[in-house]
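Have a look at the structure below before the remarks.
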């Protein structure tokens, strides 16, 4: 059985041409190099950045389709998770998350002396009258599984005394509606969004917390209003105006995934920009990985899946290299199966 373990940072393989191990975009997506030509001359490096300036707030409201004020920018969703748990764990000492889920959440929860309980999706769907903290990644990391929006709302409604945190880091790669439009309708819901994945801004670190006014009033004092730099604000301003680039990239990733499924001869059910391969030989897999100069993520240390690898799906820029890698694995009988976590 797959087991939850501690979060283990994967070291970057400096010899790799393409890093497909941290679920980042494989190219600049919404902000190009030319967009930054005037960056250093336009911004004031000697001053702290303004926290959520009005022009960015308007762009956020327009892009995410919301109009309420309880939105908190953070320097990356990891920072957001840490501050949310710092506040919530003062009164709630148990958190529940999926058996397989983003492990760094658990690192923060234990840091604030909370106990962590793992349950499967069927148990999560049946939860009722829970009063702790429930953390859901949707689509899930590392499985790529997606809970339907009706199921998510039902979980929130059945557990009004709990705080339900929904991490939508990969939602842009699915066809599902986001829960951000419901965040101000429930007093027990927090929705996390990031620009590290589909926006292609992992090197910028910018995330958003969507929630009710009541929860926002609790979280706001814990967030350092000097945490967003002028440079980050400059880049986010550009990115939020480039929705066409984001949509083009997510379409590229979907096309790459469909072609990979054809090469492997199996369905890839993941609703995110990654999927899991179980391999017949770890040694041979690593050999072929080195040959193609690609880095992927072993699921051994963090999840106990000793023959499992999570592969980030690239867009058009690196897809031919990726196809060649998959074909090489297939031809050498390295692929055991696509793990769809059924």
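Residues that are surrounded by fewer than 18 Cβ atoms within 10 Å (Cβ to Cβ), part of a helix (DSSP H, G or I) and free of Cβ contacts under 8 Å to residues at least 12 places away in the same chain do not occur anywhere in the stretch 222-229. For residue 200, the test of being under 13 Å from residue 73 (Cβ atoms) and touching a helix residue (DSSP H, G or I) at 6+ places or on another chain (Cβ under 9 Å) is failed. Against the list (1) closer than 30 Å to residue 309 by Cβ; (2) surrounded by fewer than 18 Cβ atoms within 10 Å (Cβ to Cβ); (3) at pLDDT 95 or above, the condition residue 57 fails is (1). Which of the residues spanning the stretch 189-207 are in contact with a strand residue (DSSP E or B) (Cβ under 9 Å, 6 or more places away or on another chain) and buried (at least 21 other Cβ atoms within 10 Å of the Cβ)? Matches in the stretch 189-207: 189, 190, 191, 192, 193, 194, 195, 196, 201, 206, 207.
Listed by position, the strands (runs of 3 or more DSSP E) contained in the stretch 248-342 that have at least 2 residues being closer than 25 Å to residue 198 by Cα, free of Cβ contacts under 8 Å to residues at least 40 places away in the same chain and in contact with a strand residue (DSSP E or B) (Cβ under 8 Å, 6 or more places away or on another chain) are 308-312. Of all the criteria given as (1) modelled with pLDDT of 95 or more; (2) closer than 18 Å to residue 142 by Cα, the one not satisfied by residue 19 is (1).
The values are calculated or read from the model by the stated rules, or taken from the named source; none is laboratory data. It should be emphasised that the depicted structure is a prediction, and the values quoted were computed from it without experimental measurement. Neighbour counts are summed over all protein chains in view; Cβ atoms, including those assigned to glycine, are modelled from backbone coordinates with ideal geometry.
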